[in-house]
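Written below as structure tokens is the structure these notes are about.
The values are calculated or read from the model by the stated rules, or taken from the named source; none is laboratory data. Note that this is a predicted model, so its numbers are computed, not measured. Note that each Cβ is placed from the backbone with ideal geometry, even for glycine, and that neighbours are counted across all protein chains shown.
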Amino acid sequence: MTKHSILIVDDTQANLRFLFSTLIKQGYQVYSAINGKVAVKVAQKNLPSLILLDIMMPEMDGYEVCEHMKADEQTRNIPVIFVSALNETFDKVKAFSVGGVDYVTKPFQMEEVLARVATHLALRDMQKKLVAQNVQLQEEITERKQAENNLQKTLENLRSTQSQLIQSEKLAALGQLIAGIAHEINTPLGAIRASIDNLLDSFNDAIMTLPQLSQSIVENDKHLKLLFTLLKKSKASTDLTSKEKRILKRTLQQKLSNENIAEISTLVNILTYMKISEGFDELLPLLKNEQSISIIKAARNFVSMRKNSDNINLAVDKASKVIFALRKFAHQDASGEKTEIDIIDSIETVLTLYHNQIKQGVEVVKYCQSLPPVLCYADEIHQVWTNIIHNALQAMTLSGTLTIEVIHSENQIIVSFTDTGCGMSSAIKERIFEPFFTTKRRGEGSGIGLDIVKRIVDKHQGKIEIESEIGKGTTFRVFLDDMR
């Protein structure tokens, strides 16, 4: 098999050397370029299998390089993976809009880069293979119209590769989802790390002041009352808005000033953090003791430990939801037999994986009846929802309304997806399920996604319908028999 070649484009020598040496060790043929102009020349001369492209470069940035590549007949089909420190959603969307197939944020893990490189090289090889097979099939049909036996054999071979096509399309979908999934997992992980640091600080402070706190409580039972009162009021309090916090600070400042209590600024900050907003007047007598500040600081440590523990629980729940959805999405049923699944839950799984794209400007409206479990090929049904939802988000350019309706009618499950995207003409609608037919730009779609969707629905003895109007949107409606 021909060795894959990779072009690395980065204006930082250290990055070039690191990527160059690592990819060489993996057996790739590697070219490098220190700027965009050199990159264009190297790509046109050597036609690499894949390009790793930095964005922030002098004279000619990565976006311009990619647009130049896609405009050139020789280089337009070379997949481009952007590798950049830019982490804004706008930058990632722009990278995909100019023809990039993936986006890796610096600083990166080399294992992740190698995995994405291998995935996109495999997808490119598969696409070349499929295109070649399609060309060959057309030639055989033209040259041998009477060779029915050979044609039948070719069609059987194509049917036998259906599962392989489904997995290839799933890999492509995962490649497009990976940036959003990483964000959805990294956000709660960051919250967990910050909460753990805060938790340890509060714990260590509480341990250091424990002897002083114990002695103070033993000597004066009012200190114990103050401690438990603060903890009780903080636990019962509700979350405050920024405006409410400012108002509370001013109120506490005024009341403490009127009572001539020491260390007012410290007390105000701690009491606001603990959200002590109700019943404060009963605490005022307890705050006049000179040792009350140590009691309040101790209470603040206990409240901090409780708050940060709650934050960790919430972050773990969020990360677990994404990981659980990804696990269900990637699950493969090796038995090849139908299993009972929850249709609504399977749709929710896909929506969870697309949450990062959806939250950018898409409103999801759901009208779902309560359904009994349905007998399906679970892995393939997930693929149906994935392709339809992905196409809807692209049609709306991540801004609009996606309406999902699930109903049970006359022994049929009817699932409808309606977007407010650009819509399509009648001519395109008639060809939308043809294999390798696509309205997307090069590098954005293989043209086999909806063909696979129709094959899967047919395999379930169901049907799929489409309604569309230019400028108003599109509805895909899937009918599945309730065969339990």
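Answer yes or no as to whether Ile78 is of a type in the set (A, V, I, L, M), touching an Asp or Glu at 6+ places or on another chain (Cβ under 7 Å) and at pLDDT 90 or above.
No.
Assuming Glu64 fulfils every condition listed in (1) more than 25 Å from Ser21 (Cβ to Cβ); (2) among the acidic types (Asp, Glu); (3) crowded, with 22+ Cβ neighbours inside 10 Å apart from one, which condition is it?
(3)
Take Leu240 and decide whether it is at pLDDT below 75, more than 30 Å from His355 (Cα to Cα) and either loosely packed, with under 12 Cβ neighbours inside 10 Å or of a type outside the set (Phe, Trp, Tyr) (or both).
When the stated conditions are applied, Leu240 does not pass them.
So which residues in region 341-370 are surrounded by fewer than 14 Cβ atoms within 10 Å (Cβ to Cβ) and farther than 13 Å from Thr401 by Cα?
Once the filter is applied, which keeps residues that are surrounded by fewer than 14 Cβ atoms within 10 Å (Cβ to Cβ) and farther than 13 Å from Thr401 by Cα, region 341-370 yields Asp345, Tyr367, Gln369, Ser370.
Every residue in region 45-76 that is touching a strand residue (DSSP E or B) at 6+ places or on another chain (Cβ under 7 Å) and under 20 Å from Ala14 (Cα atoms), please.
Ile51, Leu52, Leu53, Asp54, Ile55, Met56, Gly62 - these are the residues of region 45-76 that are touching a strand residue (DSSP E or B) at 6+ places or on another chain (Cβ under 7 Å) and under 20 Å from Ala14 (Cα atoms).
If you go through region 97-112, how many residues are assigned to a loop (DSSP other than H, G, I, E, B) and buried (at least 18 other Cβ atoms within 10 Å of the Cβ)?
4
Do we have Lys94 as modelled with pLDDT under 85, surrounded by 15 or more Cβ atoms within 10 Å (Cβ to Cβ) and in contact with a Phe, Trp or Tyr (Cβ under 9 Å, 6 or more places away or on another chain) here?
Criteria not met by Lys94.
Contact list please: Cβ distance under 6 Å, first residue in region 399-411 and under 13 Å from Gln360 (Cα atoms), second residue hydroxyl-bearing (Ser, Thr, Tyr) and surrounded by 15 or more Cβ atoms within 10 Å (Cβ to Cβ), pairs at least six apart or on different chains.
Note: pairs meeting the criteria are Gly400/Thr420; Thr401/Thr420.
Could you run through region 199-221 and say how many residues are modelled with pLDDT of 70 or more, surrounded by 15 or more Cβ atoms within 10 Å (Cβ to Cβ) and not aliphatic (A, V, I, L, M)?
Within region 199-221, residues that are modelled with pLDDT of 70 or more, surrounded by 15 or more Cβ atoms within 10 Å (Cβ to Cβ) and not aliphatic (A, V, I, L, M) number 4.
What number goes with the only condition from (1) crowded, with 19+ Cβ neighbours inside 10 Å; (2) over 20 Å from Thr89 (Cβ atoms); (3) at pLDDT 90 or above that Gly421 does not pass?
(2)
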